[in-house]
Amino acid sequence: MSADRALILDCDGVLADTELDGHLLAFNQAFAEFGAPFRWTAREYAALLKTGGGKERLMAYLADHPAIELAAPGAELADKVAAIHRRKSQIYIQLVNDGALPGRPGVRRLITEALDAGWQVAVASTSAQHSVEAVLRSVVGADIRARMSGVYAGDIVPAKKPAPDIYLLALRELGRSAEEAVVVEDSESGALAAARAGLPHLVTTSHFTADDPFPDARTVLSDLGEPAAPAGFLAGKDVRNDQGVVDVRSLHRILAED
């Protein structure tokens, strides 16, 4: 079937609520292993999430705390940050593989429905490619992953979210215009990236993003919902079906608003 629509999902906070019990835990374990003289609290990490990308997040933290000296400024510091981030990613992937980060409600169902309806389905994230792939395969399984059109992640674009670069790249690779795609996001920075790319988007809030503003979102929900556990409606236009979940018809209704 020839696809004329695309569903593009963020990873962290959308596929699984990965930040608190995944990325934050992995960062702090990596900091301990490298002898870094700090650990991030959940409150600190919530603020750091406004910066897209793990390496960029750590660099932003160090810039705000000049008394912390992990290494000499310049290339030496960049290399140290990269090494810490590599170890953090290894720890994180082990958590994913151990089943510590289950998929969010409705994600596997909606992806399957969209694929069955002939939609292209992809993931666009600022996280490292291997981390995103690990989460995706954990949430949807290898067979569904094989049916998807792509994963666009990591350092493949010049600027990370809230810049629109990753979504613009995804549109080019998928051969779709912004009017032919719907994004699922969970955070202010991700929603801003989608809006700046001209993409209609819905938001499913996650642990750290419940209080974020989403002025351009078509709808804001607690999650995508399951028939036995309807999604909670928070703001915007209610696109849930009669069972209280987001389905392919919901996605068509979002696109029809344009």
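The values are calculated or read from the model by the stated rules, or taken from the named source; none is laboratory data. Being a predicted model, the structure only gives us computed values, none of them experimental. With ideal geometry, Cβ positions are generated from the backbone for all residues, glycine too; neighbour counts draw on all protein chains shown. Calculation scope for accessible area: heavy atoms of the full protein, side chains included, ligands and nucleic acids excluded. Shrake-Rupley method; radii C 1.70, N 1.55, O 1.52, S 1.80 Å.
Considering only residues of the stretch 103-137 that are polar (S, T, N, Q) and out of contact with any Leu (no Cβ under 8 Å at 6 or more places or on another chain), which is most open to solvent (accessible area, probe 1.4 Å)? The extreme case among them is Q129. With the requirement that a residue be aromatic (F, W, Y) and part of a helix (DSSP H, G or I), what does the stretch 96-127 give you? Hits for the stretch 96-127: nothing passes.
Of all the residues in the stretch 191-230, those that are touching a residue at least 12 places away in the same chain (Cβ under 8 Å), of a type in the set (G, A, S) and part of a loop (DSSP other than H, G, I, E, B) number 6. Of all residues in the stretch 56-63, none are part of a helix (DSSP H, G or I), of a type in the set (D, E) and either without any contact (Cβ under 8 Å) to a residue 24 or more places away in the chain or in contact with a helix residue (DSSP H, G or I) (Cβ under 8 Å, 6 or more places away or on another chain) (or both).
For the stretch 179-197, filtered to residues that are in contact with a Leu (Cβ under 9 Å, 6 or more places away or on another chain) and among the small types (G, A, S), the residue that is nearest to A235 (Cα to Cα) is S187. Entry remark, the stretch 30-43: residues being in contact (Cβ under 8 Å) with a residue 12 or more places away in the chain and open to solvent by 60 Å² or more (accessible area, probe 1.4 Å) number 3 in total.
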